[in-house]
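The values are calculated or read from the model by the stated rules, or taken from the named source; none is laboratory data. The structure displayed is predicted, hence computed values, not measured ones. Cβ coordinates were reconstructed from backbone atoms using ideal geometry, including for glycine residues, and neighbour counts include every protein chain displayed.
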């Protein structure tokens, strides 16, 4: 089958329409081993961005829908009361990266939110949960298992969860036949195969405002990211809500590399805090403390970054990945290049049957700061 035929069959459109899609800028073509795949760069005919068409010779093409976006809550009590029917499942929101896992052409494939098959995530999932996932897919070959990949040993957002081996995966959705399983079905199916799910904090009536607020307060104290709120039967879509610690902490993290992430990080998170303060009505002392925390998050990390560039001449970050199969290292480097991520390989050593690799990731903010220090001129108006 040629590309147009593959897309026509998988998307259920005419070959003429598929040809127009190929000519557009809406499609990205990539390859993972024997599988060619096409990722949607933007929404298309009801399919969300990040949807993927998989194709391998000898196998029918397969469409894997992008993960649906989850609306964010600004006013917790009002949104929950108006949105949900009666009971609400409260799950902990994990700080990692969204991963869809499927079985296709004899391969376990881990697909990121943006629609890329990630060689490293596929490798680590195959090692840690391969047997369990293959068991599920043997019984449900068209299932899509969606979850959060977490831990410090990954190339994407890295938050220190205490997971064995530095990498973990927790399921938050399973789709079978295009249907999102209800909460009880999801828990039962994942449990049958020994696949971990995200922590469930409670199931409460939607009017239990004080219980919801207590959950958020506890997560503030323990450093949790926030909560996902679901209807047990998926009668309405899920919603998400984050803690002040996360809102301001994200700004603090993003402002380390302020030319790349600062502007996009700041306003959405400040907006969350504006309405969180409005709803919570904190006392003067707590309000003053929140103002100070926000100010520090905006100015302290970039100040440290500027001083580091002045001292060292560069700015970047390092992360560690571990491989059982050396070829996955080469595949990962090619994957980073496709994503436009600049990485440099640092120390490589064998460690207990693993290949431990340190990666250095230069950041554009360092280049911009160096030019400013040299010329004294701003790149912005």
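Let me confirm something: among 269, 311, which residue is free of Cβ contacts under 8 Å to residues at least 40 places away in the same chain, in contact with a helix residue (DSSP H, G or I) (Cβ under 7 Å, 6 or more places away or on another chain), over 21 Å from residue 152 (Cα atoms) and assigned to a helix (DSSP H, G or I)?
Just one listed residue meets the conditions, 269.
Specify the residue that is nearest to the chain's Cα centre (by Cα); the eligible residues are those in the range 43-60 that are surrounded by 13 or more Cβ atoms within 10 Å (Cβ to Cβ) and assigned to a loop (DSSP other than H, G, I, E, B).
Here the residue is 50.
Among the residues of the range 318-331, are any in contact with a strand residue (DSSP E or B) (Cβ under 9 Å, 6 or more places away or on another chain), in a helix (DSSP H, G or I) and surrounded by fewer than 13 Cβ atoms within 10 Å (Cβ to Cβ)?
Yes, the range 318-331 contains at least one residue that is in contact with a strand residue (DSSP E or B) (Cβ under 9 Å, 6 or more places away or on another chain), in a helix (DSSP H, G or I) and surrounded by fewer than 13 Cβ atoms within 10 Å (Cβ to Cβ).
Looking only at the range 63-86, count how many residues are closer than 28 Å to residue 28 by Cα, surrounded by 20 or more Cβ atoms within 10 Å (Cβ to Cβ) and in contact (Cβ under 8 Å) with a residue 60 or more places away in the chain.
The number of residues fulfilling the criteria is 2.
Quick check: anything in the range 62-70 within 30 Å of residue 18 (Cα to Cα), outside any helix (DSSP H, G or I), modelled with pLDDT of 95 or more and out of contact with any strand residue (DSSP E or B) (no Cβ under 7 Å at 6 or more places or on another chain)?
Checking the range 62-70: not a single residue is within 30 Å of residue 18 (Cα to Cα), outside any helix (DSSP H, G or I), modelled with pLDDT of 95 or more and out of contact with any strand residue (DSSP E or B) (no Cβ under 7 Å at 6 or more places or on another chain).
Has the range 154-173 got at least one residue that is farther than 28 Å from residue 227 by Cβ and surrounded by fewer than 23 Cβ atoms within 10 Å (Cβ to Cβ)?
no
Just the residues that are modelled with pLDDT of 95 or more and in contact with a strand residue (DSSP E or B) (Cβ under 9 Å, 6 or more places away or on another chain), please, taken from the range 209-224.
211, 212, 215, 216, 218, 219
So which residues in the range 335-352 are in contact with a helix residue (DSSP H, G or I) (Cβ under 9 Å, 6 or more places away or on another chain) and either assigned to a helix (DSSP H, G or I) or in the same structural domain as residue 38 (by TED's automatic domain parsing) (or both), if there are any at all?
If the condition is that a residue be in contact with a helix residue (DSSP H, G or I) (Cβ under 9 Å, 6 or more places away or on another chain) and either assigned to a helix (DSSP H, G or I) or in the same structural domain as residue 38 (by TED's automatic domain parsing) (or both), then 335 is the only one that fits.
Would you confirm whether or not the range 281-301 contains a residue that is touching a residue at least 60 places away in the same chain (Cβ under 8 Å), assigned to a helix (DSSP H, G or I) and surrounded by 16 or more Cβ atoms within 10 Å (Cβ to Cβ)?
no
Which is outside the structural domain of residue 362 (by TED's automatic domain parsing), in a helix (DSSP H, G or I) and either surrounded by fewer than 13 Cβ atoms within 10 Å (Cβ to Cβ) or on the phi > 0 side of the Ramachandran plot (or both), of 263, 235?
263
Which one is nearest to residue 183 (Cα to Cα), of the residues in the range 87-130 that are out of contact with any helix residue (DSSP H, G or I) (no Cβ under 9 Å at 6 or more places or on another chain) and surrounded by fewer than 18 Cβ atoms within 10 Å (Cβ to Cβ)?
Step by step, filter the range 87-130, then rank; the result is 87.
So, in the range 341-358, how many residues would count as being out of contact with any strand residue (DSSP E or B) (no Cβ under 8 Å at 6 or more places or on another chain) and closer than 23 Å to residue 113 by Cβ?
Residues that pass the stated criteria total 0.
Would you mention how many residues in the range 14-34 are closer than 16 Å to residue 338 by Cα and surrounded by 17 or more Cβ atoms within 10 Å (Cβ to Cβ)?
Selection size over the range 14-34: 2.
Would you call residue 338 more than 28 Å from residue 301 (Cβ to Cβ), modelled with pLDDT of 95 or more and either loosely packed, with under 14 Cβ neighbours inside 10 Å or in contact with a strand residue (DSSP E or B) (Cβ under 7 Å, 6 or more places away or on another chain) (or both)?
No.
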